[in-house]
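Let me begin by presenting the structure, written as structure tokens, before commenting on it.
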Amino acid sequence: MVTLKNQAELDRMREAGRIVGVALRRVADAVEPGVALAELDAIAATCIREHGARSSFLDYHPRFTPTPYPATLCLSVNDVVVHGIPDVRTVKDGDVLSIDCGAEVGGYHGDAAVTVPVGQVDDAAHRLMATTREALSAAIGAAVPGARLGDVSHAVERTARPYGLLEGCGGHGIGTAMHEDPHVPNTGRPGRGMRLREGLVIAIEPMLIEGGGDAGRTLADGWSIATADGSRAAHFEHTVAVTADGPLILTTP
Ligand code: MF3
Ligand code: CO
């Protein structure tokens, strides 16, 4: 069921989103060769707690995973597309690191992600990240009242070329739950699908694969989804409200 949010609810979602934006920025600022994924996770945990919020991810247990999610952030390195679990592993010069953060405050969630370079990365990595970021902005631009969900999805698909997409994965409605209806596919046809109305809030999250589209493979931890071909991936995400004034990004500091 799709729920539309009123102004008071959007204000609360803005606060949750703001905290996510602050946490993501703090974590991104701490990324350097040699830092442990668990250290980055601790930065986010502290930041979220300091704001009186809680992690949307910690202990989250959807049907498709064997265990509840054990951390504050998803940290996905190189060929891991999404849902990488932070641990003692460190990142090294040349890695690409996707940082995904969700927080809940006052009963409402925010969800956002960025991919950042670790030290110096090659030009291909810069292009992959830039295109993924562009796909997110194009999709956000399509999230206006009266448009269709397919317009948003198609904006991702169109911008993502010539990269591949993680098949079957996409964004989602968000509000009192982190994952609400509707599912927001990363491919779609313009003019098709649900009509977007004021008060709809969706997390839009293109996941682009350097080597071409595939369905990914789940690693032994039961959570991490890596590219089937071992090529690198990038992931950007914002929580976005459809408003009369146009798309409003909620997950900024
Ligand atoms: N942005 C991610 C998603 O929407 C957040 C979920 S991570 C989880 O899939 F660990 F909580 F599942
Ligand atoms: Co999400």
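The values are calculated or read from the model by the stated rules, or taken from the named source; none is laboratory data. Keep in mind the model is a prediction, meaning the values are calculated, not measured. Quick reminder, even Gly has a Cβ in these numbers, built from the backbone with ideal geometry, and neighbours come from all protein chains shown. Ligands, DNA and RNA are stripped out before the accessible areas are found, and what is left, the full protein with its side chains, is counted by its heavy atoms. Shrake-Rupley method; radii C 1.70, N 1.55, O 1.52, S 1.80 Å.
You will find that of A23, A45, A38, the residue that is among the aliphatic types (A, V, I, L, M), within 16 Å of ligand 2 (Cβ to nearest atom) and in a helix (DSSP H, G or I) is A23 and no other. Considering only residues of the range 174-186 that are open to solvent by 30 Å² or more (accessible area, probe 1.4 Å) and either closer than 16 Å to R12 by Cα or among the hydrophobic types (A, V, I, L, M, F, W, C) (or both), which is farthest from ligand 2 (Cβ to nearest atom)? Restricting to residues being open to solvent by 30 Å² or more (accessible area, probe 1.4 Å) and either closer than 16 Å to R12 by Cα or among the hydrophobic types (A, V, I, L, M, F, W, C) (or both), the top hit is T176. Here E198 fulfils each of the conditions (1) away from ligand 2 (no atom under 16 Å from the Cβ); (2) buried (at least 18 other Cβ atoms within 10 Å of the Cβ); (3) touching a residue at least 40 places away in the same chain (Cβ under 8 Å) apart from (2). Checking L208, L166 one by one, the residue that is more than 26 Å from V22 (Cβ to Cβ), under 17 Å from the mean Cα position of the chain (by Cα), within 16 Å of ligand 1 (Cβ to nearest atom) and open to solvent by less than 30 Å² (accessible area, probe 1.4 Å) is L166 and no other.
The rows are residues; the columns are (1) part of a helix (DSSP H, G or I); (2) charged (D, E, K, R); (3) crowded, with 18+ Cβ neighbours inside 10 Å.
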| residue | (1), (2), (3) |
| --- | --- |
| T115 | no, no, yes |
| R127 | yes, yes, no |
| T132 | yes, no, yes |
| G146 | no, no, no |
| D151 | yes, yes, yes |
| E157 | yes, yes, yes |
| H172 | no, no, yes |
| G188 | no, no, yes |
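The single condition from (1) in contact with a helix residue (DSSP H, G or I) (Cβ under 9 Å, 6 or more places away or on another chain); (2) more than 16 Å from ligand 1 (Cβ to nearest atom); (3) of a type in the set (A, V, I, L, M) that L149 fails is (1). Being outside any strand (DSSP E or B) and within 30 Å of D95 (Cβ to Cβ) is the filter; apply it to the range 231-253 and report the residue that is most open to solvent (accessible area, probe 1.4 Å). Filtering first and then ranking leaves P253. Here A228 fulfils each of the conditions (1) assigned to a strand (DSSP E or B); (2) open to solvent by 40 Å² or more (accessible area, probe 1.4 Å) apart from (1).
State yes or no: is A45 surrounded by fewer than 23 Cβ atoms within 10 Å (Cβ to Cβ) and over 17 Å from L219 (Cβ atoms)? Against the criterion (surrounded by fewer than 23 Cβ atoms within 10 Å (Cβ to Cβ) and over 17 Å from L219 (Cβ atoms)), A45 qualifies.
Kindly check whether there is at least one residue in the range 66-74 that is part of a strand (DSSP E or B), in contact with a Ser or Thr (Cβ under 6 Å, 6 or more places away or on another chain) and either touching a residue at least 40 places away in the same chain (Cβ under 8 Å) or surrounded by fewer than 22 Cβ atoms within 10 Å (Cβ to Cβ) (or both). No, there is no match, as no residue in the range 66-74 is part of a strand (DSSP E or B), in contact with a Ser or Thr (Cβ under 6 Å, 6 or more places away or on another chain) and either touching a residue at least 40 places away in the same chain (Cβ under 8 Å) or surrounded by fewer than 22 Cβ atoms within 10 Å (Cβ to Cβ) (or both). All of E50, E39 fail the test of being over 26 Å from V240 (Cα atoms), more than 12 Å from ligand 1 (Cβ to nearest atom) and of a type outside the set (S, T, Y), apart from E39. The lone criterion from (1) more than 14 Å from the chain's Cα centre (by Cα); (2) over 17 Å from I202 (Cα atoms) left unmet by D181 is number (2).
Pairs linking a residue in the range 126-139 that is within 18 Å of G170 (Cα to Cα) and hydroxyl-bearing (S, T, Y) to a residue that is open to solvent by 10 Å² or more (accessible area, probe 1.4 Å) and part of a helix (DSSP H, G or I), with Cβ atoms under 9 Å and 6 or more positions apart or on different chains, are T131/T159; T132/T159; S137/T159.
Which of the numbered conditions does Y60 fail, given that it passes all the others? Conditions: (1) under 20 Å from W223 (Cβ atoms); (2) open to solvent by less than 40 Å² (accessible area, probe 1.4 Å). Only one criterion is unmet by Y60, namely (2).
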